[in-house]
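The values are calculated or read from the model by the stated rules, or taken from the named source; none is laboratory data. In this text the structure is predicted, and so the values were computed from the model without any measurement. For neighbour counting, all protein chains shown are included, and Cβ atoms are generated from backbone atoms with ideal geometry for every residue, glycine included.
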Amino acid sequence: MGILSKAPTPYKGQKYEDLRKQHQANGTLFEDPEFPATNASLVYSRQAPGQVTWKRPGELCDNPHFVVAGFNSGDVHQGSLGNCWFVAATGNLAQEKELWERVIPNAKEQDWDDDDKSSYAGIFHFRFWRFGEWLDVVVDDRLPTVNNKLTYTHSQEGNEFWSALLEKAYAKLAGCYENLDGGNTADALVDFTGGVAESVDLQNTTDNFLTNEEKAKELRSNMKKCAERKYLMSASIKVTSAEEMEAKTDSGLIKGHAYGITAVKTVKLADTGLLGMFNKQKIYLIRLRNPWGEKEWNGAWSDGSEEWNKVSESQRKSLGITFEDDGEFWMPYEDFLRHFTNLVVCRMPNKTLLSLSRTWHESLFLTQWKYDANRIQNRAGGCINNKDTFLLNPQFLINVEADSDDIMISLSQPDTRADKNEANKTMGFHVMEVEGNRTTRAHKVGTKRLGSPFINSRSVFAKATLEKGRYIVVASTFEPQIESPIMMRIFSDNGAKCKQLDEDYPMITSFFCCTSTPRVATQLRVLSASNLEKQDRTGGGADPYLYVKCEGQAVRSITKENNLNPEFNFSAIFYRKNTSKPIIIEVWNKNVVRDTFMGQAVLLATSTSGQPEQSSPRLTGRGRDSGEPKPGVLSVVVTSSEDLRAL
């Protein structure tokens, strides 16, 4: 994901190199027929912003350049369009050289050549990540102006145009500039990086960041790690009415406005006179940037405030402290939590081949919610409230083979900005634990282990640490029968195996390579064991695990350490040809050198009523000792059905 694994796809079939060479050869400047210099490229439902004249940079200044003296967040200032979300994300982008150069390839080559002005063809190109692939978007250099000034995003340098041209390419992707009026910073960050965006509600009453010291510490630690790994972040203050939009608060912050987060630091104080949130000798500071390039925080640790006298000169220098009205400012972490309501973090797993941060394993699936009156083919079942159809949705298996694994999940739908009659679907996903050997679609809802909110956003995100076992992610819209392409991305820290599940049940292959349909589906749940025999001289007496066998198939549970009365809550599913053959549950004790057999239970499981049947079989020996009692009793629930889609 982080490295371009294949050449970007030319957007609308327009190839930058071919078009550039063509216009260099005939000495003309490129005029983009796919995004013409007309009002249709500006607006679709309102009046144009004044008397707009489209002008090339050479008509606005004497010495135009793509980039002047390098790039930084100061090159990005919002214009008359309400797209602070995009401008804030662009400011974030400008802080990371590697990311900026991926979105804006070969910037020097694209720039005006002072020594060879005839090589300039009036064409630029930019790259955005959309729905699993990088798109290469070309634009001409005609920009909308009013009174000879750029109407929209611009640089503080009057002859620098990379940010204005980047915005134009993004507007082309969205259909017109007006479609950028109002949006989600998370979307722009993902488009710039190919990463996954997480939205955090800073005023969530469940987490209570302001009052729960542990939660606040955990969030700050995560933000610091993200800043160190060069992940992109932004924050905003939500509004409850149109009147509040872009209203200035007493603290100098703007409501409904996206601020880029540019640093998360721990600052040592010269003495202990000031109290940090968690330690009396240090304070935790967040550096933010207003995309307007002005209107800053005016509280504690703001530009020029007396608190900075408590910081040594060397620390101020290392922090790059400047007290200018440039839109960038510092504020205490505690005040950040108090004033801001939303945080967006865009993670870029495997950002570079030489990344020092951990390597994530990514699985990406492109599929769709597709309604079909034929129930078996229906893949648009709606959320879990629709009990009869929920499990008809697309399903994705996560097989965690390590003792535990950190998992990140992102569900996305296509961007709808360019289609003015299409809105985002309200969507989300549900993660449930399933049988330890399941390889096909689930037909009964398992124990919930994770879930996302259901929102009408381009993407939804959730993360969790999952223990060893198998899990199914069910992606759905809120209402049933809603259709849309979707992209599911699953990231694993320890290499969990992931796949999309298409089959309702497996076919059985015999020794002679003949395949046939199984007759019965049987789900076995071992709830617990009790009064097992002590095996070890020290500790809890045994480290038991289960080994379950049926018709040549076998599956093993996790080990329960130091426990003679373990709660297994382990389940397995078998698709059987012959119900007269038993299911064997073996109990073993895990040892360093050689595991030891503790006993087994043999279940016939011949009933196919579809109803769960609970039993408490006692353990016995095996082989020569078959039938001989062994210490221990299992608690088992077996459910079998001739309807292979019932379990």
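Hey, can you tell me all the residues within the range 157-207 that are hydrophobic (A, V, I, L, M, F, W, C), surrounded by 24 or more Cβ atoms within 10 Å (Cβ to Cβ) and under 26 Å from Cys226 (Cα atoms)?
Correct list: Leu166, Ala186, Ala188, Leu189, Val190, Phe192, Val196, Ala197.
Within the group Glu433, Glu401, Glu422, which residue is free of Cβ contacts under 8 Å to residues at least 60 places away in the same chain, touching a strand residue (DSSP E or B) at 6+ places or on another chain (Cβ under 8 Å) and either in a strand (DSSP E or B) or more than 23 Å from Thr559 (Cβ to Cβ) (or both)?
None of the other options fit; the residue is Glu433.
Among the residues of the range 84-110, count how many are closer than 25 Å to Asn147 by Cα and at pLDDT 90 or above.
Total satisfying the criteria: 1.
Show the residue pairs that are 6+ apart or on different chains and have beta-carbon atoms under 9 Å apart, the first residue being within the range 521-537 and on the phi > 0 side of the Ramachandran plot, the second being among the aliphatic types (A, V, I, L, M).
Pairs found: Asn531/Leu564; Asn531/Val633.
Please state which one of Gly132, Gly70, Gly122 is without any contact (Cβ under 8 Å) to a residue 12 or more places away in the chain and either at positive phi or of a type in the set (A, V, I, L, M) (or both).
On inspection, the qualifying residue turns out to be Gly70.
Which condition from (1) hydroxyl-bearing (Ser, Thr, Tyr); (2) assigned to a strand (DSSP E or B); (3) within 21 Å of Asn531 (Cα to Cα) is the one that Tyr575 breaks?
That leaves (3) as the condition not met.
Among the residues of the range 514-524, write down those that are in a loop (DSSP other than H, G, I, E, B) and either within 19 Å of Lys560 (Cα to Cα) or within 42 Å of the chain's Cα centre (by Cα) (or both).
Matches in the range 514-524: Thr517, Pro518, Arg519.
Is there any pair linking a residue in the range 143-161 that is under 12 Å from Val52 (Cβ atoms) to one that is charged (D, E, K, R), with Cβ under 6 Å and at least six apart or on different chains, and which?
Pairs found: Thr145/Lys55; Tyr152/Glu167.
Which residues, taken from the range 525-578, are more than 41 Å from the chain's Cα centre (by Cα) and basic (Lys, Arg)?
Within the range 525-578, Lys534, Arg537, Lys577 qualify.
Examine the range 546-565 for a residue that is in contact with a Pro (Cβ under 7 Å, 6 or more places away or on another chain) and under 30 Å from Thr389 (Cα atoms), and state whether such a residue exists.
So far as the range 546-565 goes, no, none of its residues is in contact with a Pro (Cβ under 7 Å, 6 or more places away or on another chain) and under 30 Å from Thr389 (Cα atoms).
Would you be able to say whether some residue in the range 359-381 is at pLDDT below 90 and part of a loop (DSSP other than H, G, I, E, B)?
Checked against the condition, which is being at pLDDT below 90 and part of a loop (DSSP other than H, G, I, E, B), the range 359-381 yields at least one hit.
Restricting to the range 404-419, give me the number of residues that are assigned to a strand (DSSP E or B) and within 17 Å of Val474 (Cα to Cα).
6
Tell me, yes or no, whether the range 592-599 has at least one residue that is among the acidic types (Asp, Glu) and out of contact with any Phe, Trp or Tyr (no Cβ under 8 Å at 6 or more places or on another chain).
Checked against the condition, which is being among the acidic types (Asp, Glu) and out of contact with any Phe, Trp or Tyr (no Cβ under 8 Å at 6 or more places or on another chain), the range 592-599 yields no hits at all.
Filter the range 122-145 for residues that are modelled with pLDDT under 95 and either touching a Pro at 6+ places or on another chain (Cβ under 7 Å) or more than 29 Å from Ser484 (Cα to Cα) (or both) and give the result.
Hit for the range 122-145 is Phe131, nothing else.
Could you tell me whether any residue of the range 449-469 is part of a loop (DSSP other than H, G, I, E, B), crowded, with 19+ Cβ neighbours inside 10 Å, of a type in the set (D, E, K, R) and in the same structural domain as Gly382 (by TED's automatic domain parsing)?
Yes, the range 449-469 has at least one match.
Take residues that are surrounded by 14 or more Cβ atoms within 10 Å (Cβ to Cβ) and modelled with pLDDT of 95 or more and tell me which of the strands (runs of 3 or more DSSP E) falling wholly in the range 605-646 contain 2 or more.
Filter on the range 605-646 gives 618-620, 629-641.
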